[in-house]
Amino acid sequence: MQKPNWFSGRKNSIVNRAMDIKRKTGKSCHGLAREIRRQFLGHETGDEPQAPLRVVLYSHDTMGIGHMRRNLLIANQIRRSSPGSSILAIAGAKEANIFAQHAGVACLTLPSYLKKPDGTYTTRNLGISARDVLDVRSRTILAAVQSYRPDLFIVDKVPAGAGGELLPTL
């Protein structure tokens, strides 16, 4: 699959490398943001302001705000190091929008999944199949990212997204 011209191989590798950093170092969100600045944005201390960035923060979450909280901490660090940066959070938990607004982050809330006791997913509110929800979510993410054209795309926990929904985008 050919990558879109706005998403270079270097930027594509950021997602995997950032997750590797987190796994290998066990760094907190603040530490992870510092490592991202150092390795990908090209500055050691993070003290000098950088050019504004367009950043997407993705959380696959289907409920709750644990993953979103982590992403908002990263967003705050990026905005501190690169004033004027624009950040779009993409999440499946409806609560994410409330927290994102207070952090100065735009939020795209995807239709929610409901995780069943057997570990499979179903739709929470739409009355369509889980496969159709996956299609809606995947197409929504792709359209948003193509229009927004981020410099950096950070994926929380599940590199391919829930059910592989990020694969068409990446």
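The values are calculated or read from the model by the stated rules, or taken from the named source; none is laboratory data. Note that the coordinates shown come from a computational prediction; the quantities given were computed from them, not determined experimentally. Note: ideal-geometry Cβ built from the backbone for every residue, glycine included; neighbour counts use all protein chains shown. Please note that ligands, DNA and RNA were not included when accessible areas were found on the heavy atoms of the full protein model with its side chains. Shrake-Rupley method; radii C 1.70, N 1.55, O 1.52, S 1.80 Å.
Scanning the range 79-105 for residues that are over 12 Å from the mean Cα position of the chain (by Cα), at pLDDT 85 or above and open to solvent by less than 60 Å² (accessible area, probe 1.4 Å) yields 85, 86. Mind listing whichever residues of the range 145-170 are of a type in the set (Gly, Ala, Ser) and free of Cβ contacts under 8 Å to residues at least 60 places away in the same chain? Listed by number, the residues that qualify are 147, 160, 163, 164.
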